[in-house]
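Report on one structure; see the data block that follows.
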Amino acid sequence: MKLEWIRCPICSSKTRDRIRADTIMKNYPLYCPKCKQETLINEKELQVTVIKEPDA
């Protein structure tokens, strides 16, 4: 089974989370310890997409 580290979409550094090829995430709050940002992501088949939230 293939494992990959999830990379931060802002600074491209490794986060503390790993995903497998059969993992599916919806509305996952991804936290980056390097840039200290939290981003909502969706993930399917090792493809990560960022969810853009409208500003309130």
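Throughout, read-outs are computed from the coordinates displayed, never taken from laboratory work. These figures come from a predicted structure and were not determined experimentally. Cβ atoms come from the backbone with ideal geometry, glycine included; neighbour counts cover every protein chain shown.
Structure above, values below:
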| quantity | calculated |
| --- | --- |
| Label point distance in nm, Glu38-Ile51, each placed 7 Å from Cα along Cα→Cβ | 1.3 |
| Lysine pairs in the chain with Cα atoms under 14 Å, if 8 or more residues apart or on separate chains | 5 |
| Cut-off 12 Å between beta-carbons: net charge of the residues surrounding Lys34, Lys and Arg +1, Asp and Glu -1 | +4 |
| Relative contact order (percent, whole number), the chain, Cα cutoff 8 Å, 6+ residue spacing | 27 |
| Kirkwood estimate for the chain, i.e. one over the average of 1/r between Cα atoms, Å | 11.6 |
